[in-house]
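All of the numbers you see were taken from the coordinates with simple rules; none came from a lab. Every value quoted in this text rests on a predicted model; they were computed, and no experiment measured them. Don't worry about glycine lacking a Cβ; one is built from the backbone with ideal geometry, like all the others, and counts go over all protein chains shown.
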Amino acid sequence: MKQTTGAATELLDKMAFYAKMVDEALNEELQNYLGSDFYEPLSYALEGGKRIRPIILLLSNKVAGGSGVDALREAVAVELLHTESLIHDDIIDEETIRRGKPVFYLLYGFNTSLLTADFVFGIILSIVARSKKNIAEDLASAALQMCEGEIMEMKVEADGGEVPLDKYLLIVSKKTASLFEAAAKIGAKLASADEKVVEVLSRYGFNIGIAYQIQDDILDWNNGSKIAKRIKVENGDAKKVLAEIATKYANEAKTNLKDLPDCEAKQILYEIADFAVNRLS
């Protein structure tokens, strides 16, 4: 279902509200490192971005009965893990532009890039140590899967030839969906939700992550993922098939929410599912 322009604008306004909360929490966390040589480069790395992962964490927390505000620190950890992965990804993919600006390594060099990514992991560990809940396993699992997905993609790119669809989806599930899943799961756990609610929101995050990454690959068809264009499909073109698959995962994400209590946060999560596959950037 396509979102109307009005509905899409309203959703973006709601997301901007939560993104501002995340940005303020990020800035507050960064103040702990004001005297560090990493403060300025890390500030640059964090500029821009939709903050979709931490937004999902905060909304999942509210749906599960939390306040949202109490989950901000952990939302920061999720965004930092995403940021760290982008620093590495841009080096691996030899990107030159990220969010309309020169990529991190072109501005700061390889050495500072690697060290900044390491420093970010240190901040994440610090946040984990201060968290009221045990979220270490969730973030660690996401980080490990993200690395596995990246190296799988590197090998597939190096091999050349057609890419089986299931292989592509496995890479997407590890490289991208794992952190979306962790974000939603952590949000629910911080609200002390029961296991069923945690599982339902985790599945929502996973399905949104798949849909979101596929749409990214479609939008960047000529300049993005090198493996998406090489996907082997039986009938039709790969781009059309991927769009259909993205919609399927987005619809599944909406289904995941159906038994949860109705509230504004749930409605926003529902609308984000449509946004994931209908957005133009």
Original post:
List the trypsin sites (Lys or Arg not before Pro) in segment 1-72 that DSSP assigns to loop (not H, G, I, E or B) and whose Cβ has at most 14 other Cβ atoms within 10 Å. Which are they?
Top reply: K2
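Could you give the dipole magnitude of segment 5-278 about its Cα centre, charging the beta-carbon of Lys and Arg +1 and that of Asp and Glu -1, in debye to the nearest 20?
Values: 31 positive and 44 negative charges, 96 e Å.
In debye, rounded to 20, segment 5-278 gives about 460.
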Subject >> segment 232-281 shape via C-alpha gyration tensor axes, a/c threshold 1.5 >> reply: oblate
Original post:
Under 25 Å Cα-Cα from K14, which lysines qualify once same-chain neighbours fewer than 8 residues away are excluded?
Top reply: K2, K50, K62, K185, K189, K248, K254, K258, K266
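DSSP loop GluC sites (Glu not before Pro) in segment 178-250 with at most 13 other Cβ atoms within 10 Å of their Cβ, which ones? Display every interim value, and only then the final one.
Numbers: sites: E181, E195, E199, E234, E244; in loops: E234.
Here the sparse-neighbourhood loop sites are E234.
With a/c under 1.5 counting as rounded, go ahead and sort segment 207-261 into rounded, prolate or oblate using the C-alpha gyration tensor (a ≥ b ≥ c being the square roots of the eigenvalues; past the cut-off, prolate if a/b is larger than b/c, else oblate).
prolate
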Original post:
Which of A182, A64, A25 moves most in a GNM of the chain, Cα contacts under 10 Å?
Top reply: A25
Original post:
For segment 178-281, which trypsin sites (Lys or Arg not before Pro) are both in a DSSP coil and crowded by at most 10 other Cβ atoms within 10 Å?
Top reply: K258
**OP:** Could you work out the Kirkwood radius for segment 5-278, taking every pair of different alpha carbons, averaging 1/r and inverting it, reported in Å?
**Re:** 19.0 Å
Original post:
Rg to Rh for segment 102-259: what is it, with Cα atoms only and Rh by Kirkwood?
Top reply: 1.02
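Quick one: pull the percentage of alpha-carbon pairs in segment 1-156 with a separation above 26 Å.
Values: 3788 of 12090 pairs.
The answer is 31 percent, as a whole percent.
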**OP:** Rounded to the nearest Å, what's the spacing between the alpha carbon centres of segment 1-63 and segment 70-127? Just the number, please.
**Re:** 15 Å
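With runs of 4+ DSSP H residues as the only contributors, calculate the mean residue ellipticity of the chain at 222 nm using -39,500 (n - 2.57) per run, divided by the residue total and rounded to the nearest 500.
Values: 11 runs with 199 residues, N = 281.
The helix contribution divided over the chain gives -24000 deg cm²/dmol.
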**OP:** Specify which residue in the list A16, A71, L269 is farthest towards the positive end of the charge dipole of the chain, using unit charges on the beta carbon of Lys, Arg (+1) and Asp, Glu (-1), about the Cα centre.
**Re:** L269
